[in-house]
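Colleague: The structure under discussion is supplied below as C-alpha cells; questions concerning it will follow.
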Amino acid sequence: MATAIVSSARQVGRLTSAARRLYSDVYPKITTHYTIHPRDKDPRWKDINMERVAEETDILIIGGGPAGMAAAIRARQIAEEKGTEVRVTLLEKAAEAGGHILSGACVDPIALNELIPDWKEKGAPMNTPVTSDKFGILTKSGRIPIPVFPGLPNYNHGNYVVRLGHLVKWLSEQAEAVGAEVWPGCAGADLIFRDDGSLKGVATGDVGIAKDGSPKDMFERGMEFHSKITIFAEGCHGHLTKMVSKKYNLRENSEPQSYGIGLKELWEVKPENHKPGLVEHTIGWPLDKNTYGGSFIYHLNVGEGEAPLVAAGFVVGLDYTNPYISPFREFQRFKLHPYIKPLFEGGTRVAYGARALVEGGWQCLPAPVFPGGCLAGDSAGFLNVPRIKGTHNAMKSGILAAESAMELILSGEATHEKGVTPTLYEDKLKQSYVYKELKQVRNCRPSFHYGMYGGLAYSAFSTLVRGKEPWTLSHGGADHAKLKPAKEFQPIEYPKPDGVITFDLLSSVALTGTNHEADQPPHLTLKDDSIPVKRNLAVFDGPEARFCPAGVYEFVPMETGEGQRLQINAQNCIHCKTCDIKDPSQNINWVVPEGGGGPAYNGM
C-alpha cells in the first residue's frame, strides 16, 4: 500500500514537472510590471522605503496637449483677473512640451481666439492659412473628385495648417508666462484618493526598477501631487483616464469608445510639388468598402530658404474585421497610388509617427466629471470625426474645465480636505459648441457600417438636415470585439518597401526618436502571458504583430524549435495605445513607462 502511494506520488510529481516545463516552454513569463505582479508579494521589495514626497497644488492638470495647456492658461488668467494666488501645476510625460504630440493638424482657431486674442502678435506658430480644399474617392488606379462647399464638415477655409507640437510648445510658453507650472518629463502613474473616495491627486512613476521587476540600487519613489481639482487631459485612451473612468464608472451611460489609428509622415518635397495652404483628403483605395479610413495631405508654409514640407497621413478605423490588415502597410501602399505617388517622387521622408484617435463622438462621451476632477480634450473624446478636427474642442473643454475649477476654488467649496464634483463643467459643456457640433455630426461615423458609399450618402443627408434626424445610430459594440477569426480571411499581400516612397517598419520607428530605458519592466503588460499564443495566435493569427505601427509585438520561434512565443520589443513603443484598444482578448494594458519615455516628435 505504502509503495503504491509513493509510486503514485512520484507519477504525480513527474506529471506536474512536465506540466511546468510545458508551460515554461510554450508560455514563458513576459510581464514583470508591478501592476500585474504586486510588490507586496515580492520579497525583493520587503525592505524598500516606499514613502513618497508630497506637493500640494490647487489645480492639477495631467497632460500637456492643447486641452491641458488651455486649462493652465485660463486658470491663471482668472487668478490674475481676480487678484488672487492660485497654484496651477501641469504634469507632462514628454521630456519637453510638445514632444509627444502627433496630429494632422488642421486647426480651427475659434478656441485660441477666445483664449489668447492677440496670438498673432505673440508669435503663435500658425503660419499657413488654408487656401484650397480637395476631396476625392480613390479607386485602384484613379480618383473621383468630390466638390467641397462652404457648410460641409471638411470645408477648411479660415483654418490653419500647423505643426501641432510647435503650437503646443508655444502654448506652454504662454502658460508659464502667466504663472502656471509646467513639469515636463513627469508622468502620472497612479491615482491617490481621499478617505471619502474622492480623487486627491496623482503620483508620478517610480524610477530605478530592473527589467525583472526588482529594485535597483538607484531606486527612487515617485512624488505625490495633491490637488483641490484634477483635470485629466492625457489625450486618447490615457493610462490614468482609464483608471479614473473605471473607478467612478464614467462610461455607465455611454457606448464603448470607438477609435482609429492615425499614421503620419513628414516629407520634404520638390518645390514644384509644394502648394502651401492646400488641404487634401481621400477615402477609398487601398481600403475595401467595409473598412473605414482615409488620408490627409497638408502642405505647410515654410520660411525662406527652408525645405518645402508636406504632412501626409493615413487613418484606419479600429473597428475593422480582417485580422490580416496592417494599418502601417496600408499607409505605405496608399503612397503608391498613381495620383498620390508623384507628390513624393524626388522627396525625402524626414519623420514618422502614429497615434490612436477617438472617433466615437456623441454616443461615446463619458460622464465628464467625478468627485475631485474632470476630463478634458481627447480624454473625454471630443474629436469631431467628419471635420477631422479636435484641437479646437480640446482647447475649449480645457478653458471650461479651468473656469469651473476656479469657481469652486475661489468660492471655497473645493479644498484639499474634501472632494467636490465640478458639475458646473458638465453644464458648461452642454451649452458650448463642443457638445452642439458633436451632436450634429453624431451619425456620420457609424453610418459607414453600411459601407463606404452608404456612409457617404447618409453623411450627405445628415449634413443637409444639420444632424436633426430624430435618431442616433449605434457603433455596434467595442472595436476589439469586431475582429473576426483568421480562418474567414486570406492573408493580404502587401508590396515590398522600395526604400524611396515606401518603407519598412523598423526604419520608420528609427525616425520617431523613441527612447526607453532598456533595463526596465516592459510597460506593455499582459494580464495573462499565455493568451497571445493560446488565443490571439491560434484564433486570429497574431494580429498584434500587424496592428502595432512600431514593431513592438513579434511572434518568434521557440528556442526548442517547436511552436512560437510572443516577444515584446517595448523599446520600440511610440505610445499610440492601439494595442490596448484592438487586442481581441483585451489582455494588453498600456501603462506609463518609467520616466515617461516614448517618441520625440520634435514638433511633427
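Colleague: For the pair residue 304 and residue 430, what calculated FRET efficiency results from E = 1/(1 + (r/R0)^6), where r is the Cβ-Cβ distance and R0 = 51 Å, to the nearest 0.05?
Modeller: On the way: r = 47 Å, r/R0 = 0.92.
After rounding to 0.05, the efficiency reads 0.60.
Colleague: Work out the length of the dipole vector of segment 249-377 about its Cα centre, built from +1 on the beta-carbon of each Lys and Arg and -1 on the beta-carbon of each Asp and Glu, and round it to the nearest 20 debye.
Modeller: Dipole about the Cα centre, nearest 20: 240 debye.
Colleague: About its Cα centre, how strong a charge dipole does segment 101-152 have in debye, to the nearest 20, once Lys and Arg get +1 and Asp and Glu get -1 at the Cβ?
Modeller: Values: 5 positive and 5 negative charges, 84 e Å.
Taking the Cα centre of segment 101-152 as origin, the dipole is about 400 debye.
Colleague: Once phi is turned into ³J(HN,Hα) by the Karplus curve 6.51 cos²θ - 1.76 cosθ + 1.60 with θ = phi - 60°, what whole-Hz value does each residue of segment 463-479 show in order, with x for glycine and proline?
Modeller: Here the 3J(HN,Hα) series is 5, 4, 8, 6, x, 8, 4, x, 9, 10, 6, 9, 7, x, x, 6, 4 Hz.
Colleague: A further question follows. Name the trypsin sites (Lys or Arg not before Pro) in segment 466-539 that are in a loop by DSSP and that have at most 11 other C-beta atoms within 10 Å, would you?
Modeller: Sparse-neighbourhood loop trypsin sites (Lys or Arg not before Pro): 466, 468.
Colleague: Amide H neighbours of residue 134 under 5 Å, at least 5 residues apart or on other chains, H built in the peptide plane: list them.
Modeller: Answer set, sorted by chain and number: 279, 280, 281.
Colleague: Nearest 20 debye, what's the magnitude of the dipole of segment 142-232 about its Cα centre given +1 on Lys and Arg Cβ and -1 on Asp and Glu Cβ?
Modeller: With only Lys, Arg, Asp and Glu charged at Cβ, the dipole is about 540 debye.
Colleague: Do any trypsin sites (Lys or Arg not before Pro) in segment 87-121 lie in a DSSP loop with no more than 14 other beta carbon atoms within 10 Å, and if so, which? Let's see the in-between values first.
Modeller: Details: sites: 87, 93, 120; in loops: 87, 93, 120.
In loop regions of segment 87-121 (DSSP not H, G, I, E or B), the sparsely surrounded trypsin sites (Lys or Arg not before Pro) are 120.
Colleague: Got a number for the accessible area of residue 554? Probe 1.4 Å, square angstrom, nearest 10.
Modeller: 80 Å²
Colleague: Here's a follow-up. Compute the separation of the alpha-carbon centres of segment 459-514 and segment 540-570 and state it in Å as a whole number.
Modeller: 21 Å
Colleague: Which percent of the accessible area of the chain is formed by carbon and sulfur heavy atoms (probe 1.4 angstrom)?
Modeller: Details: 13150 of 25190 Å².
It is 52 percent, rounded to a whole number.
Colleague: Related question: With both partners inside the chain, how many of the DSSP beta bridges are antiparallel, as a percent to the nearest 5?
Modeller: 70 percent
Colleague: Right, another one. Under 5 Å between amide H atoms, partner at least 5 residues away or on a different chain: which partners does residue 202 have, H built in plane at 1.01 Å?
Modeller: Answer set, sorted by chain and number: 192, 225.
Colleague: Please give the FRET efficiency for residue 416 paired with residue 110, using the beta carbon to beta carbon distance and R0 = 30 Å, rounded to the nearest 0.05.
Modeller: That pair, residue 416 with residue 110, gives E of 0.30.
Colleague: Could you provide, to the nearest whole Å², the per residue accessible area of the chain with probe 1.4 Å?
Modeller: 42 Å²
Colleague: Let me ask something else about it. Starting from segment 305-396, pick out the GluC sites (Glu not before Pro) whose DSSP state is loop and whose Cβ has at most 12 other Cβ atoms within 10 Å.
Modeller: 306, 345
Colleague: What number in nm² do you get for the chain if you take the convex hull of its Cα atoms and divide its surface by four?
Modeller: Average of the hull's projected areas for the chain equals 31.8 nm².
The values are calculated or read from the model by the stated rules, or taken from the named source; none is laboratory data. As the structure is a computational prediction, the values presented were derived from the model and not from experiment. Using ideal geometry, Cβ is built from the backbone for each residue, glycine included, and neighbour counts are taken over all protein chains shown. These accessible areas exclude ligands, DNA and RNA; they are computed on the full protein's heavy atoms, side chains included. Shrake-Rupley method; radii C 1.70, N 1.55, O 1.52, S 1.80 Å.
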